[in-house]
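Just so it is clear, none of the values below were taken in a lab; they were calculated from the coordinates. Please read all numbers here as calculations on a predicted model, not as lab measurements. All Cβ positions, glycine included, derive from the backbone under ideal geometry; neighbour counts span all protein chains shown.
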Amino acid sequence: MKQATVHILITISVWLTVRTPVLANKFFNHFPDSTQTSTQSQAIAWLDSVQRTDSSRFWINVPPGIFFENLRGFAISPLKFYEGRTNNFCAYSALTFLPLKNDPLGFCQFMLKLYQQGRASYNGVNFRPGKAILLEAGLLKFKGVLDLNPAAQMWFLCLADRFKGYLNFVNRNFDKGDENTLWASTNYAKFNRMLRKVCKQKVRARGADIIRPFINDMFSYIKERLQRGTVFLYLNNRFLYRKKHTFSRFSIPTHYIIVLDIQKIDATKINLVYWDYGLKSLQQISPKLLRKAIFGVTHAQNVK
Amino acid sequence: MRNYLFYSIIACLFLAACSSSKELSADYYRQNEEALVSIKDRFKKIHRLHPFSFEVRDKDFSEVGIEIITDTLRYIYHFNPGENNLADTLKAHRFNVPEMLTLFADMKQMRCTWITNLDYYERGQEKYMVFLSLRHNKLGSKRKEKYFTVAFFDQPQFYDNKGRLLDKEKSRNIMKINGQVFYKINSRACFTLSDTFR
């Protein structure tokens with residue numbers, strides 16, 4: 001009898017553990033976000049109170065006035081954060097969505113320390129950029145509005161310098177123009193590693209660099225995860241933004257986006273709302289195209 | 001005699017392959033200047049009220065796409081051949097539908113694959129150019145660069161002695177648009193040949 005009670009209790013506890021997310025979702029509509037550590041208003045108040053510094057002796061091409069303006073932009077309009085044109089910064093930009101959303105104050109404080117001291121740590125990750133990086137930030141040109149955002153240039157270059165994946169083995173050290181080359185590129189494992197380390201969140205990833213993930217119903221999979229956190233897609237950019245009219249049988253992923261919403265219109269149409277290039281976009285695609293385009297689905301849960 | 005013929009053919013093929021793409025394109029622009037400038041002007045006029053970009057997504061010029069940029073969202077629509085909802089979409093976004101359809105028809109006639117308003121920055125100031133790509137028939141299918149791209153500026157631009165677009169006056173820095181070097185057509189327009197249309 002005692003054993004039977006224990007069995008029943010274990011069964012109930014297991015059922016509750018499994019069902020808790022579903023129940024929580026049902027009653028609270030979404031999961032409480034325990035990753036939010038500061039707010040936009042706190043970041044703005046801190047930026048207003050902070051003493052403006054002189055030019056940095058480390059980042060000699062980043063004027064302090066523009067730098068502070070950029071930090072204010074990070075706090076006020078995080079969705080305008082722009083990765084730039086014709087470079088390989090999309091992974092770093094997608095990743096920055098989380099610090100800007102969850103911890104704008106901490107991120108701005110980190111950026112100021114990096115500016116003043118030439119080195120700083122964020123969530124325990126140390127950034128010690130080399131001389132080439134220090135010199136280059138502020139000089140990137142013809143990248144769209146990134147030209148006017150030396151603070152974002154600093155951050156992108158630091159991330160690319162700090163984290164390496166197998167794609168970076170052929171070109172490990174920065175030379176002028178390397179923001180457009182394999183030096184800055186990000187394979188899927190590197191992206192997930194960066195996300196775990198920099199954002200300190202529970203990250204679940206499905207997919208790989210060449211093989212698509214085995215997910216039967218991609219729409220439902222993304223939709224369900226979206227309710228419990230942030231979803232990043234690693235996909236072949238050609239399906240979102242066609243640049244050529246030639247057809248290639250060999251498809252590889254080249255771009256990272258953040259899914260903001262996904263809705264099924266009918267059996268053949270899905271509305272995908274995503275964020276990239278500093279804009280929220282809505283694109284109507286077919287379930288087949290969605291499956292074909294996606295090589296990786298990363299889910300950063302709203303819990304640390 | 002046979003050898004002579006063989007070398008002559010090789011030389012002709014080599015010359016044909018090396019025929020200046022630049023001249024080809026500059027000529028192409030001059031021949032079609034009126035139509036291209038008209039497309040650019042009408043695009044700018046509509047864009048002022050309703051920011052948008054237009055693309056042709058296939059070689060047959062039947063599958064088209066439009067990006068409509070509002071304050072909150074960028075809508076990206078694709079229309080497959082046989083679908084007649086382009087006009088409905090334009091109407092829903094309060095475009096002047098006949099004006100837009102005429103513009104698209106003219107663009108298709110000119111084999112224009114992409115038109116957009118592109119931002120660039122000069123001495124910290126935001127400026128815009130009209131960026132227009134054409135699938136150039138004369139380039140043929142064997143060449144890597146299939147697209148003839150024209151950038152239209154509002155202000156006169158600066159070029160070096162090789163006709164390459166510079167970022168400012170008396171500068172040595174060559175300005176790149178979408179990673180490409182552009183060459184002078186006239187003071188406010190320049191072109192490049194590219195393997196991508198956007």
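What the Cα convex hull of the protein assembly as shown gives, in volume per residue, is 218 Å³. Look at where the Cα atoms of region A:55-79 and of region B:42-102 average out, and the two centres are 37 Å apart. Computed over chain A, relative contact order equals 19 percent, with contacts defined as Cα pairs under 8 Å that lie 6+ residues apart.
For region A:36-198, the equivalent ellipsoid derived from the alpha-carbon gyration tensor has semi-axes of 23, 18, 14 Å in decreasing order. Panel order for A:Thr39, A:Thr246, B:Thr196, A:Thr298, by other beta carbons found within 10 Å of each beta carbon, from fewest to most: A:Thr246, A:Thr39, B:Thr196, A:Thr298.
Remark: region A:212-219, residue by residue, has Karplus-estimated 3J(HN,Hα) of 6, x, 8, 10, 5, 10, 4, 4 Hz, where x stands for each Gly or Pro and the curve is 6.51 cos²θ - 1.76 cosθ + 1.60 at θ = phi - 60°.
Filter the trypsin sites (Lys or Arg not before Pro) in region A:188-289 down to the DSSP loop ones having no more than 16 other Cβ atoms within 10 Å, then list what survives.
Sparse-neighbourhood loop trypsin sites (Lys or Arg not before Pro): A:Lys202, A:Lys244, A:Arg249.
Using DSSP to call loops (not H, G, I, E or B), can you name the trypsin sites (Lys or Arg not before Pro) in region A:70-140 whose Cβ has at most 11 other Cβ atoms within 10 angstrom? Within region A:70-140, no trypsin sites (Lys or Arg not before Pro) qualify (loop, at most 11 other Cβ atoms within 10 Å). Our note on the geometry: Cα centres of region A:152-215 and region B:116-132, 30 Å apart.
Would you mind counting up the charge near A:Pro64? Only other residues with Cβ under 10 Å from its Cβ, with Lys and Arg at +1 and Asp and Glu at -1. Before the final figure, lay out the partial values.
On the way: positive: A:Arg52; negative: A:Asp54, A:Glu69.
Summing Lys and Arg as +1 and Asp and Glu as -1 gives -1.
Scanning chain A for chymotrypsin sites (Phe, Trp or Tyr not before Pro) lying in DSSP loops with no more than 10 further Cβ atoms inside 10 Å, the longest uninterrupted stretch between such sites is A:1-168. Amide H contacts of B:Tyr120: B:Lys127, B:Tyr128, B:Met129, each under 5 Å away and 5 or more positions distant or on a separate chain (H built 1.01 Å from N in the peptide plane; Pro and chain starts excluded).
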